[in-house]
Structure formats: structure tokens, C-alpha cells
Amino acid sequence: MQKKVSVSFMMLGILFNICLVTSNLLQAKVIQICGITITAGVLVFPISYIINDCIAEVWGFKKARLIIWSGFASNFLVIFFSQIAIWLPGAPFWDNEAGFNMVFGMAPRVAVASLSAFLVGSFLNAYVMSKMKVASNGKNFSLRAIVSTLIGETADSMIFFPIAFIGIMPLEAIGIMIITQAILKSLYEVVILPVTIKVVNFIKMYEETDVFDEDISYNIWKISRI
């Protein structure tokens with residue numbers, strides 16, 4: 001049987017990957033808003049969870065699983081080739097080595113933290129969305145979107161910050177950053193929820209599809225099953 005994906009699904013998948021790569025690059029800058037210190041990646045990263053919600057809601061967990069792994073691959077490739085670019089010697093007349101290394105020189109433990117946190121958080125988000133949709137018979141999308149994002153973002157923060165910063169930052173500071181990031185990213189979802197609802201409803205109508213994940217495998221390794 002021939003497997004197909006729609007243009008809408010493909011475009012959301014591309015945007016998902018762009019947001020993930022962009023958020024990783026923006027992590028290099030620490031910003032402060034209203035006395036709250038966060039990384040600039042928080043400006044973009046929550047959008048990936050919103051897209052994850054849309055895909056899981058419209059096309060189901062199997063399509064979300066495919067997109068999540070594509071995001072992982074994209075991030076891994078950016079990190080991999082960035083390290084090669086850093087390792088290669090710069091031209092004698094090029095004097096931007098320090099700036100380039102600051103943006104692209106992700107430490108190995110930070111890279112592991114980022115990729116691990118992304119996988120766990122994203123899959124939890126899609127799993128909760130899928131299960132809650134079946135349990136509610138497709139009702140209460142707003143509640144499902146908020147709950148799944150809160151769980152996914154919390155798991156992401158709880159994995160990323162300890163792996164990346166234990167031994168470098170005080171435990172109290174790490175704990176505050178975990179809570180702050182999870183709350184801010186979830187609030188992002190709440191604020192933009194009206195737009196998410198309109199996008200989901202439009203795609204369902206345009207694609208004439210609304211998948212319920214009944215009797216499927218939630219094994220994250222079964223990527224070929226779309």
C-alpha cells in the first residue's frame with residue numbers, strides 16, 4: 001500500500017523542524033524580561049509543542065511520532081555539522097571565531113541534554129494528546145492542548161537543566177529555572193490557544209480527517225508505521 005502525506009502535514013513538519021533548530025541556536029543568548037532570566041530559545045521552542053498538538057490532534061500519534069523523529073534528526077545534524085565547522089581551522093583573515101563558537105559550540109553534555117529532553121517531552125506531549133482525545137471522544141481540545149503541553153514542557157525542563165547544569169549551577173537555581181521555563185512555555189500555549197484552535201479546525205475541514213488513535217502501538221521506534 002502506498003503511503004502518502006498531505007501538503008498541510010508536510011508544511012507543519014517543516015515548520016516544526018525550523019522552530020526546533022532555531023530555538024537551539026537562540027539558546028546561546030540569555031535574556032531577562034521583567035526580572036525573569038531565561039534563554040532566548042523560549043521565544044520559539046513552545047511553537048514546536050503547538051505544532052505537535054496540531055499534528056497529534058488531526059493526524060494522530062503515528063504521524064506525530066514521525067515528525068518528532070524528524071525533528072530529532074534535524075537537531076542532531078545541525079549539532080554534528082556545527083562541531084565539524086568549529087573543528088576546521090578558520091581562514092587567517094577571519095576574526096569571528098569566538099562569536100561563531102559561542103553560537104554553534106554546544107558542549108557535548110548540553111547537546112545530550114537538549115536532544116534527550118526534546119524526545120521525552122515531545123513524545124509525552126503527543127501521547128497525552130492522543131490518549132485524552134480518545135477518552136473524551138474528541139471533546140475538550142483546549143484542555144487537552146494545555147495539559148499535554150504542561151506535562152511535555154515540564155518533562156523537557158526536568159531533563160534538560162539537571163543534565164546540562166548540575167555541577168555548574170546551584171541546585172536551587174536549577175530548580176527555579178525548571179519551574180520558570182515550564183510555566184512560561186505552558187502560558188505561551190494558553191495565550192496562543194485561540195489561534196491553535198482555528199488552525200486545527202481549518203486543517204480538519206480542509207483535509208477532511210480527524211484521527212482517533214484506537215488500537216495503535218505507542219512504541220516510539222515504529223517510525224515506518226504512519
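The values are calculated or read from the model by the stated rules, or taken from the named source; none is laboratory data. Everything quoted here is computed from the prediction, not taken from an experiment. Cβ: placed from backbone, ideal geometry, glycine included. Neighbour counts: every protein chain shown. Areas reflect the complete protein model, heavy atoms only, side chains present, ligands, DNA and RNA absent. Shrake-Rupley method; radii C 1.70, N 1.55, O 1.52, S 1.80 Å.
A few remarks follow.
- Length gained when the stretch residue 134-residue 210 is fully extended (0.36 nm per residue, less Cα-Cα span): 26.2 nm
- Nearest-10 value in Å² for the accessible area of residue 11, using the 1.4 Å probe: 110 Å²
- Net charge dipole size for the range 152-226 [Lys, Arg +1 and Asp, Glu -1 on Cβ; Debye, nearest 20]: 220 debye
- Which labelled figure in [x] 0.95; [y] 1.04; [z] 1.00 is Rg/Rh (Cα atoms, Kirkwood Rh), once derived from the coordinates: [z]
- Charged side chains reduced to their Cβ positions (Lys and Arg at +1, Asp and Glu at -1) give the chain a dipole of some 460 debye around its Cα centre.
- Distance between the modelled labels on residue 202 and residue 38, one decimal in nanometres: 2.5 nm (7 Å Cα→Cβ projection).
- Of the residues 18, 31, 146, the one with the largest accessible area comes first in the ranking 18, 146, 31, computed with a 1.4 Å probe on protein heavy atoms.
- For residue 193, net neighbour charge (Lys/Arg +1, Asp/Glu -1) across residues whose Cβ lies under 15 Å away: -1
- Here each label is just a point 7 Å from Cα along the line to Cβ, and for residue 143 and residue 100 those points are 5.4 nm apart.
- Violating pairs (Cα-Cα greater than 24 angstrom) within the set 29/198; 63/139; 185/222; 131/198: 29/198; 185/222
- Cβ-derived FRET efficiency at R0 35 Å, residue 76 paired with residue 192, nearest 0.05: 0.80
- Note on residue 88: accessible area approximately 90 square angstrom, rounded to 10, probe 1.4 Å, nucleic acids and ligands left out.
- Entry note, the chain: relative contact order of 26 percent, from Cα contacts under 8 Å with a spacing of 6+ residues.
- The label-point distance for residue 30 and residue 217, in a model that sets each label 7 Å from Cα toward Cβ, rounds to 4.5 nm.
- Cα gyration tensor category, rounded, prolate or oblate, for the range 1-98 with a/c compared to 1.5: oblate
- Residue 39 contributes an accessible area of around 20 Å² to the protein surface, as traced by a 1.4 Å probe with all chains present.
- Farthest toward the positive end of the dipole of the chain, out of 11, 194, 46, is the Cα of 11, where the dipole comes from beta carbon charges about the Cα centre.
- The chain, helix-only ellipticity at 222 nm - DSSP H runs n ≥ 4, -39,500 (n - 2.57), divided by all residues, nearest 500: -25000 deg cm²/dmol
- Note: relative contact order over the range 32-139, using C-alpha pairs below 8 Å and six or more positions apart, is 41 percent.
- Between 0 and 90°, nearest 10: helix 171-207 axis offset from the chain longest Cα axis: 40 degrees
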